[in-house]
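The next block holds one structure in the form of structure tokens; read it before the comments.
The values are calculated or read from the model by the stated rules, or taken from the named source; none is laboratory data. The shown structure was predicted, so the numbers you read here are calculated from the model rather than taken from an experiment. Ideal geometry is used to build each Cβ from the backbone, glycine not excepted, and the neighbour counts take in all protein chains shown. Areas reflect the complete protein model, heavy atoms only, side chains present, ligands, DNA and RNA absent. Shrake-Rupley method; radii C 1.70, N 1.55, O 1.52, S 1.80 Å.
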Amino acid sequence: MKKYIIGNWKMNQKKEGIEAFFKYVQNHPPSSGTELGICPQALHLPLCLEKAPQFIKIGAQNCAHELSGAYTGEISPEALRDLGIGFTLIGHSERRSLYHEDLKLIEEKVKTALSSGLKVVLCVGENQRERELGKTLLVVANQLECLKAVPYGQNLTIAYEPVWAIGTGLSASPEQAQEVHAYIRSYLFEIFKEKAKEVPILYGGSVKPSNIQELLLQEDINGALVGGASLDPESFCQLYD
Ligand code: PGA
């Protein structure tokens, strides 16, 4: 399977920085086995589509649970498609915790996004307390349950992001991550059978140039979802150079 490196810019970057970012990255295409993506904040999607080199796919960080309608402030999956956006993150832990997105809402979002033709990167992961209580796999299984409402494993990527590792500098060890990734793979097998082999499972949580290689060596880690280390173009390129 190819490797996937997706930058999640969260609520960061400004126009000038974005232009400089893509100018730099343009001269650093990935090798053929690597796919790159950037998820800027929604306001910057058109600018990124305009400025990004062809080898970088632009995705959204979130989208609404309905295609269109009276949902002030929301991001329509249909409008994303219309703009030329191919994929979106759904269920990032910051959406779950800060904006109270629950399992039901995330299931609706996954279904609607897929039905609109968007590819979905579903983010899952336990918090510190859940890990300490030995509930990691249980929490992840709960968060994956929404996939039972999805007919095929097509257009789907999973990102395992332990909440305690996000933005803390404290990445999961390759072994800790692999354990959960292997579990996710087996869970996907139950739902999608052989198709599960084709679903990329990315790791996220304090990934940086200095630790990405050992993570990517793990059997079930097919790439990374990177926050902080994807903001700076040099650091972003070092993730795959
Ligand atoms: P981080 O964020 O790389 O800054 O830990 C990852 C994410 O939240 O997707």
I need the P(r) histogram for the chain: all alpha carbon pairs, bin width 5 Å from 0 out to the longest distance, whole percents. 1, 7, 15, 19, 21, 18, 12, 6, 1, 0
Only Cα pairs under 8 Å and at least 6 apart count here; give the relative contact order of the stretch 113-202 as a rounded whole percent. 34 percent
Using a ≥ b ≥ c from the Cα gyration tensor of the stretch 136-239 (square roots of the eigenvalues), is it rounded, prolate or oblate, where a/c under 1.5 gives rounded and otherwise the larger of a/b and b/c decides, a/b for prolate? prolate
Computed for the chain: size of charge dipole around the Cα centre, +1 on C-beta of each Lys and Arg, -1 on C-beta of each Asp and Glu, debye to nearest 20, value 260 debye
May I ask which residue of 75, 24, 117 lies farthest towards the positive end of the charge dipole of the chain, with charges of +1 (Lys, Arg) and -1 (Asp, Glu) on Cβ and the Cα centre as origin? 117
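Provide the per residue accessible area, probe 1.4 Å, for the stretch 130-241, rounded to a whole number of square angstrom.
Heavy-atom SASA per residue in the stretch 130-241 reads 44 Å².
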Which net charge results when you count Lys and Arg as +1 and Asp and Glu as -1 among the other residues whose beta-carbon is under 11 Å from that of residue 239? -1
Quick one: which of 15/109; 51/111; 14/57; 119/197; 111/208; 51/119 span more than 24 angstrom between C-alpha atoms? 15/109; 51/111; 111/208
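With every protein chain left in place, what is the accessible area per residue of the stretch 27-89 in square angstrom, probe 1.4 Å?
Counting only protein heavy atoms, the per-residue value for the stretch 27-89 is 50 Å².
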Dmax and Rg, reported as Rg then Dmax, of the stretch 1-75 (C-alpha, Å): 13.9, 44
How much net charge surrounds residue 183 when only other residues with a Cβ under 12 Å from its Cβ are counted (Lys, Arg +1; Asp, Glu -1)? -3
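Please sort through the DSSP H helices of the chain and keep those with an alpha-carbon extent of at least 15 Å along the long axis and a Kyte-Doolittle average not below -0.5.
On the way: long enough: 15-26 (17 Å, -0.33); 103-116 (20 Å, 0.06); 174-192 (26 Å, -0.21).
Counting only whole DSSP H runs, the qualifying helices are 15-26, 103-116, 174-192.
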Quick one: net charge of residue 36's neighbours, Cβ under 13 Å, K/R +1, D/E -1? +1
Tell me the relative contact order for the chain as a rounded percent, counting alpha carbon contacts under 8 Å between residues six or more apart. 21 percent
Could you look at the chain and say what percent of its accessible area is carbon and sulfur, using a 1.4 Å probe and all protein chains? 51 percent
